[in-house]
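Here the structure comes first, spelled out in structure tokens, and everything after it is commentary.
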Amino acid sequence: MVVDVIAALTSIITGYHQRIAKLEEEKYDHEMEVARRAFETICQMYWHRIYNLEGDKFELERAIEIKKMELKSIIQEYYDRMYVCEGQKWDLEHEVRKRDYEIADLNSQVNDLRGKFVKPTLKKVSKYENKFAKLQKKAAEFNFRNQLKVVKKKEFTLEEEDKEKKPDWSKGKPGDQKVKEEEVEA
């Protein structure tokens, strides 16, 4: 009897353990399924957001390209307009110069027919500049020093050599002699 009770209790306990193990496996499976679904949901939300951002980015890039094209067309219109205006301006300036030339030509023809001659304006020339240049030329001719010969003879340099001759002890250092030569030259 005790053996039967123990056997019954062991069978009940093993049944409970088996049931608990089965429930724990199901619990683990359910938890894994919930985690997998949560991960899939998060991934779906992430990819959905990326898709929306990419779509927005594509739309923004497209809008930017459209704006660039519009801006290029506006710039091209202004360029064409300026090109035409500059061409017209050049044509008008050329026409004005041509008319001015024709007017000046007609005026000269009218003056020729009337006998009137318009004297051109002359430059003002200083009278004194020419006179001053002539005086300088004459002064150079009368400069007697330029006409004299230069004489270099040693006969006249004896006095200077005597002054330069000094005893060796009074000459001093070689650097002092250079200084004295510079003073003589000055």
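What you get for the range 31-145, charging only the Cβ of Lys and Arg (+1) and of Asp and Glu (-1), is a dipole of about 2120 debye around the Cα centre.
Please report the base-10 log of the normalised intensity I(q)/I(0) for the range 53-141, using a Debye sum with one equal scatterer per alpha carbon and no solvent, at each q in 0.14 (1/Å). After summing over all Cα pairs, the log10 values are -0.84. All C-alpha pair distances within the range 1-122, sorted into 10 Å bins from zero, spread as 9, 11, 10, 9, 9, 8, 7, 7, 6, 5, 5, 4, 3, 3, 2, 1, 0 percent across the bins. Summing charges over all other residues whose Cβ lies under 13 Å from the Cβ of GLN76, with Lys and Arg as +1 and Asp and Glu as -1, gives 0.
Working note: Cα atoms of the range 1-64, range along each principal axis, descending, whole Å: 92, 6, 5. Karplus-based coupling profile of the range 44-54, in residue order and whole Hz: 4, 5, 4, 5, 5, 5, 4, 4, 5, 5, 5, with θ = phi - 60° in 6.51 cos²θ - 1.76 cosθ + 1.60 and x standing for Gly or Pro. Dipole magnitude for the range 83-134: computed about the Cα centre from +1 point charges on Lys and Arg Cβ and -1 point charges on Asp and Glu Cβ, it is near 780 debye.
Throughout, read-outs are computed from the coordinates displayed, never taken from laboratory work. Keep in mind it's a predicted model, so treat the numbers as computed, not measured. Glycine also receives a Cβ, built like all others from the backbone with ideal geometry; neighbour counts cover every protein chain displayed.
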